[in-house]
Amino acid sequence: MLPKIKFFLNLLATEGLFSVLQRLKLRMRSPRYFQWVRQIKRIEESHPPDLSFGDQPGAPLFSILMPVYNVQAQWLISAIESVLAQSYSRWQLCIADDVSTVSHIRPILERYARQDARIQIVYLDKNNGISAATNAALAIATGEFIALLDHDDELAPHALYEVARHLQQHPNADFVYTDEDQITPKGKRQVPFFKPDWSPDYLHACMYTCHLGVYRTQLVRQIGGFRSEYDGAQDWDLVLRIAEQTDRICHIPKVLYHWRTLPTSMASGDQAKPWAYKSAQAALQDMLDRSPYPGWVEKAKKIGYFRVRRQIQGNPLVSIIIPSAGAYRIKQAKRICLLQQCLASIQKLSTYQNYEIVIVDGYDIPEPVLKAVQSPKLRLIRCDQPFNFSQRMNLGAQAALGEVLLMLNDDTEVITPDWIEAMLELAQQREIAAVGAKLLFPNGHIQHAGVLILGGQPTHAFLNGSGAHEGYNGSNFVTRNYLGVTGACLMIRRSVFEKLNGFDESFPLNYNDVDLCLRAHQAGYRNVFTPYAELTHYESASRQEGVAPEELGALHRRFEETGYMQADPYYNPNLSVANSHFQ
């Protein structure tokens, strides 16, 4: 019990009581992973796969590439047996031995090669590392697709079958990845990773696609295979280059790969292969050097995660559009004007200086406040219509002079001085529409870290969680894609905003930001959350209207055929929709 007590005491000190209570609640109420695994097995047993599928015309042949070097006999055997146990029969196991020095490797490999003609082996004459060995295996591959298997891991029994079925439905796919978990030396499955659908910005922060990865062989050969200078992060480097060649990338939300937790495996902890993280940073830098948006790579606050920075192109004018009524709130027994507080934080803290401020009001900001906030960078736009957030933001956008628009609530207060740069380096990219910031309640808990749609209801990821908590697989401290971000702090290029016809004024109070983001996603853009722009949000201090059911209904009707309201692509279907904490 002592390690558990120490863990919770440390969590209490670093993340607060809320995180401790959340962890305890999860342990008490949520089914453990092994119970979930049992349920999945029962489902699979009651609905067995069509094993004749592999014999049908057009069924793909998979070449499984497995570089081998000095692995323990039992794990090598387990890995090969997991291939032999595949319910899908059209596979080729290409093994490349990288001059193993332990005596048991060759006899095991030769025994299995004699046992099954689908197992082919190449022996290298010089130890050149994992990329060179994988390329040697690739050289003998004859399949339309390659799959990667580490020499001490296991494939799930239906792994290739599920990928083949998916390819039948998506025959043009060039890259397919699946969910994964870890397996202990005693065979216990644990630590599942339920991934989002294709998320380029999340990939720049961590190698989330990882296992199982299946790639079109021709494309891998076309880009030059694996590169030895990135050994340890060779898969990450491969995916970065694949993504530059194709957008036909698919995700199967099923656990089809079991990553062995051994002392030498990265699955066992962050310190297992520190050199691999140097390779990862180098691969990301190489990606940036090839990019039309060059920059540099910084380490994130946890090992294995990174922040990809982009040089801001030019010095674009950013128009900060703030709808306001000049409302007040009580702060530390003092009456504070929210608008004045917001503007003071922008002016005092912001390191990016090429901005203007456009305030849109309904003739209700008190004259003393207007006089107090006067500035050469500030203009006032007035609207005599009843409050409609969408209308006022559109009026502000029409009056703005900048090529970049930053929608901002007046009940926010800047925390990070480079908040504009953190958003702008993303918003300037042509593939990106809306960029959202990390917003915290005054108590430090999360108000916004991305917008999810769970059970048909838009909600904020990790709502009310500790602002210090890292989130599911780093989601709260790295840049990540979501379907939407909140309009309380949203940056978008003017050209994209106008192409989308701005905010829909039929959503006067709620979901106008969600609607805008969904229309952007539908048009082929992606939306991004960045934790590196951080603000305090005194939500609802300036407006008390509740959520209007008719606006949610209109949102459902508009996007009924897109599937957004039924399944959020950035939230895995194996996770609970009961809350937004990825449980």
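Quick notes
- Unmet criterion (only one of (1) part of a loop (DSSP other than H, G, I, E, B); (2) in contact (Cβ under 8 Å) with a residue 40 or more places away in the chain) for SER279: (1)
Yes/no per residue for (1) in contact with a helix residue (DSSP H, G or I) (Cβ under 7 Å, 6 or more places away or on another chain); (2) hydrophobic (A, V, I, L, M, F, W, C):
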position: ALA159; (1), (2): no, yes
position: TYR177; (1), (2): no, no
position: GLN182; (1), (2): yes, no
position: VAL191; (1), (2): no, yes
position: TYR202; (1), (2): no, no
position: ILE223; (1), (2): yes, yes
position: LEU240; (1), (2): yes, yes
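- Filtering the stretch 396-412 for residues that are in a loop (DSSP other than H, G, I, E, B), farther than 12 Å from ARG494 by Cβ and within 23 Å of the chain's Cα centre (by Cα) leaves an empty set.
- The stretch 567-581 residues that are of a type in the set (Gly, Ala, Ser), paired with ones that are in a loop (DSSP other than H, G, I, E, B) (beta carbon under 7 Å, 6 or more apart): ALA567/PRO573; SER576/GLN583; SER580/ALA461; SER580/PHE462; SER580/LEU463
- Selected residue (only one of LEU463, LEU500, LEU483, LEU452 is of a type outside the set (Phe, Trp, Tyr) and more than 28 Å from THR209 (Cβ to Cβ)): LEU500
- All positions within the stretch 205-215 that are in contact with a strand residue (DSSP E or B) (Cβ under 6 Å, 6 or more places away or on another chain) and either open to solvent by 30 Å² or more (accessible area, probe 1.4 Å) or hydroxyl-bearing (Ser, Thr, Tyr) (or both): THR209, TYR215
- Residue that is in a strand (DSSP E or B), in contact with a strand residue (DSSP E or B) (Cβ under 7 Å, 6 or more places away or on another chain) and on the phi < 0 side of the Ramachandran plot, where the choices are LEU518, LEU439, LEU463: LEU439
- Single unsatisfied condition, VAL360 versus (1) surrounded by 13 or more Cβ atoms within 10 Å (Cβ to Cβ); (2) within 21 Å of MET423 (Cα to Cα): (2)
- Hits in the stretch 26-42 - residues which are modelled with pLDDT of 50 or more and of a type in the set (D, E, K, R): ARG32, ARG38, LYS41, ARG42
- For the stretch 66-78, the condition of being among the hydrophobic types (A, V, I, L, M, F, W, C), within 28 Å of GLN218 (Cβ to Cβ) and assigned to a loop (DSSP other than H, G, I, E, B) holds for none of the residues.
- Taking the stretch 147-231 as the region of interest, the helices (runs of 4 or more DSSP H) fully inside it that hold 1 or more residues being within 23 Å of the chain's Cα centre (by Cα), more than 26 Å from GLU298 (Cα to Cα) and touching a residue at least 12 places away in the same chain (Cβ under 8 Å) are 159-169.
- Qualifying position, being open to solvent by less than 20 Å² (accessible area, probe 1.4 Å) and either among the polar types (S, T, N, Q) or at pLDDT 95 or above (or both), among ILE121, ILE77, ILE95: ILE95
- Restricting the first member to the stretch 333-345 and to residues that are among the hydroxyl-bearing types (Ser, Thr, Tyr) and in a strand (DSSP E or B), and the second to residues that are at pLDDT below 95 and open to solvent by 10 Å² or more (accessible area, probe 1.4 Å), no beta-carbon pair is closer than 8 Å while six or more apart or on different chains.
For every residue, the table says whether it meets (1) open to solvent by 20 Å² or more (accessible area, probe 1.4 Å); (2) within 18 Å of the chain's Cα centre (by Cα); (3) at pLDDT below 95.
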| position | (1), (2), (3) |
| --- | --- |
| PRO253 | yes, yes, no |
| THR264 | yes, no, yes |
| SER268 | yes, no, yes |
| LYS273 | yes, no, yes |
| ASP286 | yes, no, no |
| VAL297 | no, yes, no |
| LYS301 | yes, yes, yes |
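- Residue within the stretch 122-140 that is over 18 Å from GLY232 (Cβ atoms), assigned to a helix (DSSP H, G or I) and among the polar types (S, T, N, Q) present: no
- Complete set of residues in the stretch 523-568 that are at pLDDT 90 or above, of a type in the set (Val, Ile, Thr) and not in a strand (DSSP E or B): THR562
- Contact map, the stretch 86-103: residues that are among the acidic types (Asp, Glu) paired with residues that are open to solvent by 50 Å² or more (accessible area, probe 1.4 Å) and outside any loop (DSSP other than H, G, I, E, B), Cβ distance under 6 Å, separation 6+ or inter-chain. Pairs shown: ASP97/TYR123.
- The set of residues from the stretch 363-395 being part of a helix (DSSP H, G or I) and either open to solvent by 20 Å² or more (accessible area, probe 1.4 Å) or within 25 Å of THR536 (Cβ to Cβ) (or both) comprises GLU367, PRO368, VAL369, LEU370, LYS371, ALA372, PHE389, SER390, GLN391, ARG392, MET393, LEU395.
- Selection within the stretch 316-348 - open to solvent by 40 Å² or more (accessible area, probe 1.4 Å), hydrophobic (A, V, I, L, M, F, W, C) and under 23 Å from GLY396 (Cα atoms): LEU317, ALA325
- In the stretch 455-467, the residues that are more than 18 Å from the chain's Cα centre (by Cα), open to solvent by 30 Å² or more (accessible area, probe 1.4 Å) and over 19 Å from PRO573 (Cβ atoms): ASN464
- Residues that are of a type in the set (Gly, Ala, Ser) and under 38 Å from the mean Cα position of the chain (by Cα) within the stretch 104-146 comprise GLY129, SER131, ALA132, ALA133, ALA136, ALA137, ALA139, ALA141, GLY143, listed in sequence order.
- Yes/no for TYR305 being open to solvent by 20 Å² or more (accessible area, probe 1.4 Å), within 26 Å of ILE357 (Cβ to Cβ) and in contact with a Cys (Cβ under 9 Å, 6 or more places away or on another chain): no
- In the stretch 43-52, the residue that is modelled with the highest pLDDT out of those that are in a helix (DSSP H, G or I) and surrounded by 10 or more Cβ atoms within 10 Å (Cβ to Cβ) is GLU44.
- Whichever residue in the stretch 420-447 is touching a residue at least 40 places away in the same chain (Cβ under 8 Å) and over 24 Å from GLY295 (Cα atoms) and, among such residues, is most open to solvent (accessible area, probe 1.4 Å): PRO442
- Considered as a group, the residues in the stretch 403-419 that are out of contact with any strand residue (DSSP E or B) (no Cβ under 6 Å at 6 or more places or on another chain) and acidic (Asp, Glu) include one that is least open to solvent (accessible area, probe 1.4 Å), and that residue is ASP411.
The values are calculated or read from the model by the stated rules, or taken from the named source; none is laboratory data. Just so it is clear, the model here is predicted, and its values are computed rather than measured. Note that each Cβ is placed from the backbone with ideal geometry, even for glycine, and that neighbours are counted across all protein chains shown. All accessible areas refer to the heavy atoms of the entire protein, side chains included, with ligands and DNA or RNA removed. Shrake-Rupley method; radii C 1.70, N 1.55, O 1.52, S 1.80 Å.
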